[in-house]
């Protein structure tokens, strides 16, 4: 890899040349390409540190160019920029291994900072492998010297001790560098066993490094008794190239970005450097953005439908009222008119719910206690619980601090959860509600013994208009999710068919001062 080479790929000559000139002034060695094919030729020849890729080129899509660059030069960090930014393209770019995604027009200082960070990441990974290889060579060298020193006079003993001290110093420096890595880092041998663990990794698993040494990587990270079928370590060992992947790890309950770089010695792969980054926060942000975009689109559609239906519905209602107001003798006629009027009012209420979903009114936040909201909704639900013979119990901590809330909206949310639980239990059952502080959050749980939710329905429960109830509209959980999001909270639902459902809501506790 040549020093500080930056490849600029853009079909706009003005952008391409000005960016190259700017990078050259900043001490880099820019090379340019106007097409995807030209870029791939230069990547194969130059192996640049960083490639700046326009998302739309004349002959290829920018994401396809990035995919081919990663095949030709896995170590090249890719930064995608475009004037046509979208959530979908950004997420796809990140999934394909892009270091970052910038929107045109970009700030040159921001671009320069992104390039520097990409180079620092690449150099850090290279330095880690180099440090390990250098250490091995140094140990081999010193071992040979020590073997010869044993056959020499006592005067050479001092030289041997000096060499040992230098080796210890190098090992200590390497260990310090290794432990300074903020991500989980480990060195794994060909038998899947940890041989080195950095401090971040041992802290993540709440174990001392010496306890983790010798354990199998798949036991620690996956809680498995054997490597998974798509084991990234096996892929890196087989192909002798770094492997990068993002995935959700159920055993740890977090999203991980895993980079496995093989360690090659004399043509043989003897192990790998394993870097694991917790990207759960980024993933949650991506999911929230995706959900928000989706809700916005559905909201606009709902508002449009409601507007178009209300006019003819109003005419129907007015006509029915007019007919009823006249002195008509036929009771059968009046009966049908009342039915039309009743159903038109029912339809109008559904339309109003649609409008509330499409254009939620402004929330009024004041300091309040979650305990007060729970007590009120339990009182409202008490009569129905008695009617259905459902045992309602609650356990609410008295040590919970106040949070900023819209009490009426939270009542609506909590009452929706209770009604869903009661609908799922029929006659008999138990509903348990608890609330308590946990670190920097207030946790509220609703646990019932109802029929549960099937796996195929779990991905749809927040979708507007999705319902399994005969008389349901399917907006309850969508509105609940919307309201909780406005409170900067989160909602998680776990359910087992024929056993019950658990709804967990978390609200952030405001920092004092």
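All of the numbers you see were taken from the coordinates with simple rules; none came from a lab. These figures come from a predicted structure and were not determined experimentally. Positions of Cβ are backbone-derived with ideal geometry, glycine not excepted, and every protein chain shown enters the neighbour counts.
By per-residue mean of other Cβ atoms within 10 Å, what is the highest-first order of 419-426, 131-138? Provide the component values of the computation, followed by the final result.
Details: 419-426: 19.2, 131-138: 14.4.
In descending order of packing, they fall as 419-426, 131-138.
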Could you work out the relative contact order of region 5-106? I mean the mean sequence separation of Cα pairs under 8 Å and 6+ apart, divided by the number of residues, in percent.
24
Using alpha-carbon positions, the gyration tensor of region 191-290 gives root eigenvalues a ≥ b ≥ c; with a/c under 1.5 called rounded, otherwise prolate if a/b exceeds b/c, else oblate, the class is oblate
For region 123-280, rounded, prolate or oblate, judged on the Cα gyration tensor with a ≥ b ≥ c (square roots of eigenvalues), a/c < 1.5 rounded, else prolate if a/b > b/c?
prolate
Sort 51-59, 39-47 by the packing proxy (mean of other Cβ within 10 Å over each peptide's residues), most packed first.
51-59, 39-47
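I'd like to compare 201-209, 182-190: which one has the highest average count of other Cβ atoms within 10 Å, and what's the full order after that?
Working: 201-209: 15.4, 182-190: 17.9.
In decreasing order of mean packing, 201-209, 182-190 become 182-190, 201-209.
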For region 5-106, what Kirkwood radius comes out of the mean inverse Cα-Cα distance, in Å?
13.2
